[in-house]
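Trainee: Here you go, one structure.
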Amino acid sequence: MRRPVVGVIANAYRIEDRFATQMSGERNLRAVAEVAGALPLMFAGSPEITDIGALLDTVDGVVLTGARANVHPAHFRAEPDPKHEPYDLHRDDMALALSRACVERGVPLFGICRGLQEMNVAFGGSLHPEIRELPGRMNHRMPRLENGEIHPDPLVVFADRHDVNLVPGGTFAKILGRETIRVNSLHGQGILEPGERVVVEGVAEDGTIEAIRIADAPGFALGVQWHAEYDPQRNPINRALFQAFGEALVARKRPT
């Protein structure tokens, strides 16, 4: 039997400010290959390049990864602001339509950081561009040095920074075998209002939504605000999530 194939969305980048590329972080690919037990297949985050129907005829699951760009506010009826750039309009179009298509077809869908935000917007929810500006919220952005540069040590950047309380008896609590977990935090944008079919299953100690599922989805359709792709080979929380995703792939995998 062949290994399941997982489509991993890429993001638009420019190399040397000249060469347009599509890129995906290697941690995402390794998590899919080494923990979910699948073959990662990167696809362009642009509907001009990647046909969603053809993609879903090819893969057994989809991962919507984190990314530097924010989801454009036009998708949830808000005004853009230059301080919240960059945006990736092509990925927006791709990921929002793809989220709905995966759920409709029952294709396992795992959203990570921006991926969770995309899933929420795809089902009618809204985002706040800078979650730390809300009253009572902590700074969820990645750690930086005093000079503003990103901290050079990945162990510091991806360190567990806050608790997440899970809904008792919910999907996440069942997968993880506990109702409180501790996770990393590397995001500015976050969920403001959940979408119509978005079920909140995990909330940080400051009220930030951290774990969601799509109601009545025929297959795996979960999103997390933290970076679950970080060290799932050893981190028990992230490993359990990618293993559950892998099991969903096998359960749905088409016959050879």
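Trainee: Among the residues of region 1-26, count how many are of a type in the set (Lys, Arg) and either in contact with a helix residue (DSSP H, G or I) (Cβ under 6 Å, 6 or more places away or on another chain) or open to solvent by less than 100 Å² (accessible area, probe 1.4 Å) (or both). Talk me through it step by step, then tell me what you get.
Mentor: So the first thing to find is which residues in region 1-26 are of a type in the set (Lys, Arg), and the list is 2-3, 14, 18.
Then drop every residue that is not either in contact with a helix residue (DSSP H, G or I) (Cβ under 6 Å, 6 or more places away or on another chain) or open to solvent by less than 100 Å² (accessible area, probe 1.4 Å) (or both), which leaves 2.
Residues in region 1-26 being of a type in the set (Lys, Arg) and either in contact with a helix residue (DSSP H, G or I) (Cβ under 6 Å, 6 or more places away or on another chain) or open to solvent by less than 100 Å² (accessible area, probe 1.4 Å) (or both): 1 in total.
Trainee: Pairs only if they're at least six apart or on different chains, beta carbon under 7 angstrom, first in region 217-241 and in contact (Cβ under 8 Å) with a residue 24 or more places away in the chain and within 18 Å of Arg178 (Cβ to Cβ), second assigned to a helix (DSSP H, G or I) and β-branched (Val, Ile, Thr); list them, first residue then second.
Mentor: Leu222/Thr171; Ala240/Ile175; Leu241/Ile175
Trainee: Just the residues that are within 23 Å of Glu247 (Cα to Cα) and in contact (Cβ under 8 Å) with a residue 40 or more places away in the chain, please, taken from region 1-23. Full working, then the answer.
Mentor: In the first step, residues of region 1-23 are kept if they are within 23 Å of Glu247 (Cα to Cα); the result is 1-9.
Within region 1-23, Met1, Arg2, Pro4, Val5, Val6, Gly7, Val8, Ile9 meet the criteria.
Trainee: Would you check if Gly190 is touching a Ser or Thr at 6+ places or on another chain (Cβ under 7 Å), open to solvent by less than 60 Å² (accessible area, probe 1.4 Å) and either more than 24 Å from His75 (Cα to Cα) or touching a residue at least 12 places away in the same chain (Cβ under 8 Å) (or both)? It would help to see each step written out before you state the result.
Mentor: On the way: touching a Ser or Thr at 6+ places or on another chain (Cβ under 7 Å): yes; open to solvent by less than 60 Å² (accessible area, probe 1.4 Å): yes; either more than 24 Å from His75 (Cα to Cα) or touching a residue at least 12 places away in the same chain (Cβ under 8 Å) (or both): yes.
Criteria met by Gly190.
Trainee: Name the helices (runs of 4 or more DSSP H) wholly within region 49-133 that hold at least 1 residues that are open to solvent by less than 10 Å² (accessible area, probe 1.4 Å) and among the basic types (Lys, Arg)?
Mentor: Working: elements: 52-58, 89-105, 114-122.
Because the criterion is at least 1 residues that are open to solvent by less than 10 Å² (accessible area, probe 1.4 Å) and among the basic types (Lys, Arg), the helices (runs of 4 or more DSSP H) in region 49-133 that meet it are 89-105, 114-122.
The values are calculated or read from the model by the stated rules, or taken from the named source; none is laboratory data. Just so we're clear, the structure is a prediction, and the values are computed from it rather than from any experiment. Here Cβ is always computed from backbone atoms with ideal geometry, including for glycine, and neighbour counts include all displayed protein chains. Keep in mind that these areas ignore ligands, DNA and RNA; they rest on the heavy atoms of the full protein, side chains included. Shrake-Rupley method; radii C 1.70, N 1.55, O 1.52, S 1.80 Å.
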